[in-house]
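One structure is given below, encoded as structure tokens.
Any read-out appearing in this document is the output of simple, stated calculations on the displayed coordinates, not a laboratory observation. Quick caveat: nothing in here was measured; it's all calculated off a predicted structure. Because the Cβ atoms are built from the backbone with ideal geometry, glycine has one as well, and the counts that use them run over all protein chains shown.
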């Protein structure tokens with residue numbers, strides 16, 4: 001995290017997309033230190049450094065609701081420093097890191113150390129998520145109130161579901177009183193049963209153990225029922241099935257505070273793409289073609305609240321093994337925006353303003369915070385080009401891991417600058433721009 | 001022009017021509033098995049590594065014998081004695097093997113896709129001797145050779161596969177192979193072992209739950225091993241399987257007269273197959289074993305010998321007079 005500064009930065013000639021104020025206009029933005037001080041057409045300031053955002057979109061800072069920074073415990077795969085530098089390259093100004101570190105983030109002192117490490121070494125804001133149960137073991141409630149005071153923004157036993165309906169009900173009731181959202185990784189362990197990809201024709205052909213879609217939807221159904229019962233805030237992580245989406249839709253119709261996120265890999269790939277390449281192994285697994293279409297429809301119609309990366313670094317040796325022995329997960333910060341542009345915006349499935357919502361006000365609403373570009377607001381800003389042509393090379397990433405199925409992919413659209421508290425923490429070299 | 005095989009990883013990606021070529025190549029090696037002196041010098045000086053990461057007796061002995069009869073030396077790696085037990089990765093293990101300069105590696109592994117994983121990372125011909133629940137290509141080839149010998153051709157038959165098809169790599173390889181020759185395939189077994197997605201493996205694959213219906217009109221029957229030692233969770237009582245799916249003489253009568261009965265072994269008499277069927281005139285189980293040697297010799301000759309796509313060596317003796 002950058003320290004406070006005093007300088008003036010003028011972002012000129014960009015197209016400002018601010019979902020909170022429904023602004024879509026050619027506006028300039030003047031930043032003074034960590035704050036936005038002026039927003040409007042044709043601003044001028046003789047003292048300010050000028051950032052020329054011609055042909056670019058200027059948006060509130062992107063928030064990633066779901067990532068794994070691996071610190072403490074698995075620093076071979078990632079650290080807060082390397083992970084957040086990768087996040088900055090992806091246009092994210094804040095990332096929510098899941099508690100499945102070693103040890104699990106289930107107490108205030110660990111939360112505090114993550115917050116401190118984030119402030120000391122992070123390129124962007126680090127917002128920890130605390131475990132719902134001690135050790136995420138699904139037995140006793142973690143010290144959630146103390147973790148809230150230390151800085152958690154949500155609770156989750158991510159990597160697995162909150163173990164039982166009874167515990168989930170207690171977690172929801174308790175978190176409701178603390179005004180924290182509960183994020184659940186929906187999975188029925190008995191149906192999951194050691195599977196490694198989505199059950200279907202492809203899993204049968206490859207001889208890989210399948211995980212039925214119902215593993216997710218049954219657990220999502222449980223959670224939605226309990227959210228209705230407890231009237232609490234439920235957020236379903238990395239949703240991948242039509243069934244789970246329908247439960248969320250149902251809850252929203254009832255006016256419940258139920259939200260969900262979808263990852264770029266789940267709307268880009270499907271189970272038919274799976275090969276004996278562990279970069280196609282993630283949890284939840286890549287969905288069927290029909291489920292992918294349903295997720296895209298949900299992203300378009302507003303049922304899905306946010307795009308989250310589920311950035312899950314694993315050091316190369318741990319992924320370079322037999323498919324069924326590899327850990328689940330892929331890295332995702334640096335490809336998230338480009339995949340969303342390529343798969344959803346350039347194909348006409350969603351608009352650019354909707355994209356911005358899915359990365360900004362959408363996740364902010366899940367966390368119960370504001371996200372806007374307005375006078376007085378914190379100067380967390382993401383500037384991106386919707387058209388810049390580039391090729392993703394994982395070897396160039398600051399992340400310690402390389403586990404991605406998108407290495408070598410050519411994209412249209414990329415982050416150009418990431419601004420946190422008025423400081424440019426990432427700026428793309430534009431020598432290779434191709435319009 | 002026939003495309004030369006670099007590896008044998010599975011049947012799915014082979015063409016009908018490549019399969020016919022391998023079967024034709026096996027012909028002289030079949031005859032060779034009857035010769036009193038079973039040793040060729042074709043692969044003298046070559047080394048075949050047998051990397052069996054999953055227990056196997058029959059397939060390992062078959063490959064070892066095939067290599068020996070071609071004059072090759074073998075290196076043996078077995079799961080129990082290997083450093084895998086000590087936590088070494090598959091990649092490090094096979095790289096160590098490769099550093100001993102074998103001319104080919106035969107690999108069996110409990111993980112689907114492991115032979116492909118190895119083939120992608122090493123510069124040595126790889127033969128898949130069975131991977132997880134994916135493929136067992138040499139088994140399908142020896143089955144095809146057996147069917148072709150007995151029935152004169154592969155094309156046009158009705159094949160029935162009985163048992164736990166879901167977890168069977170033998171079934172998958174056979175489905176891929178025989179469907180390329182226009183064989184109509186019927187799968188039959190307890191419903192949880194025969195999921196509907198199996199019908200998408202190849203054209204002309206159907207599922208039937210009643211064995212009587214599955215056997216009606218069958219020209220060839222493959223009874224799969226009911227693998228009680230693994231994969232069945234929850235287990236099905238053996239009595240249940242016997243009651244509904246055991247291949248008995250009475251049930252065999254429903255098939256076409258002279259229908260062939262194949263079994264990949266090891267066979268559990270009294271479970272998936274009745275004694276009288278296993279030992280009856282329609283049973284091909286011992287021919288399958290002998291044909292396995294011929295197929296594996298042909299493959300090693302082709303892949304390890306680095307031979308061009310041409311007839312097998314003149315040294316193979318003519319059929320014993």
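At-a-glance table
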| item | result |
| --- | --- |
| Prolate/oblate/rounded call for region B:137-287, Cα gyration tensor, a/c under 1.5 rounded | rounded |
| Estimated FRET transfer efficiency (residue A:35, residue A:351; beta-carbon r; R0 30 Å; 0.05) | 0.55 |
| Chain B, relative contact order in percent, only Cα pairs under 8 angstrom and at least six apart counted | 22 percent |
| Packing-based order for A:359-367, B:100-108, A:144-152, using average beta carbon neighbours within 10 Å, highest first | A:359-367, B:100-108, A:144-152 |
| Relative exposure of A:387, A:188, judged by other C-beta atoms within 10 Å (fewest first) | A:387, A:188 |
| Ascending count of other beta-carbon atoms within 10 Å, so fewest first, for A:37, A:182 | A:37, A:182 |
| Burial order of peptide ranges A:58-71, B:176-189, B:241-254 (average beta-carbon count within 10 Å, highest first) | A:58-71, B:176-189, B:241-254 |
| At R0 = 45 Å, FRET efficiency that the Cβ-Cβ distance of residue A:134 and residue B:269 yields, to 0.05 | 0.25 |
| Between 0 and 90°, nearest 10: helix B:285-303 axis offset from chain B longest Cα axis | 30 degrees |
| In nm, spacing of pseudo-spin labels at residue A:387 and residue A:301 (7 Å Cα→C-beta vector) | 3.3 nm |
| Distance (nanometres) between label positions extended 7 Å along Cα→Cβ at residue A:225 and residue A:396 | 5.1 nm |
| Between region B:116-151 and region B:1-51, the alpha-carbon center distance in angstrom | 11 Å |
| Inter-centroid distance (Cα atoms) of region B:172-215 relative to region A:311-383, Å | 43 Å |
| Angle in degrees between helix B:137-151 and the longest Cα principal axis of chain B, rounded to the nearest 10 | 60 degrees |
| Peptide A:202-214 - average C-beta neighbours from other chains (10 Å radius) | 5 |
| Gain on full stretching of the segment that runs from residue B:191 to residue B:238 - 0.36 nm per residue minus C-alpha separation | 15.4 nm |
| Chain A: angle of helix A:165-178 to the longest principal axis, Cα-based, in degrees nearest 10 | 30 degrees |
| Prolate/oblate/rounded label for the protein assembly as shown (Cα gyration tensor, a/c 1.5) | prolate |
| Ranking of A:305, A:320 by count of other Cβ atoms within 10 Å, fewest first | A:320, A:305 |
| Sequence ranges A:17-23, A:79-85, B:48-54, B:34-40, ranked by mean other-Cβ count within 10 angstrom, highest first | A:79-85, B:48-54, A:17-23, B:34-40 |
| Point-to-point label distance, residue A:119-residue A:293, nm (Cα→Cβ direction, 7 Å offset) | 5.1 nm |
| Rounded to 5, percent antiparallel among DSSP beta bridges of the protein assembly as shown | 35 percent |
| Cα shape, region A:61-367, gyration tensor, a/c 1.5 rule | rounded |
| Gain on full stretching of the segment that runs from residue B:31 to residue B:286 - 0.36 nm per residue minus C-alpha separation | 90.3 nm |
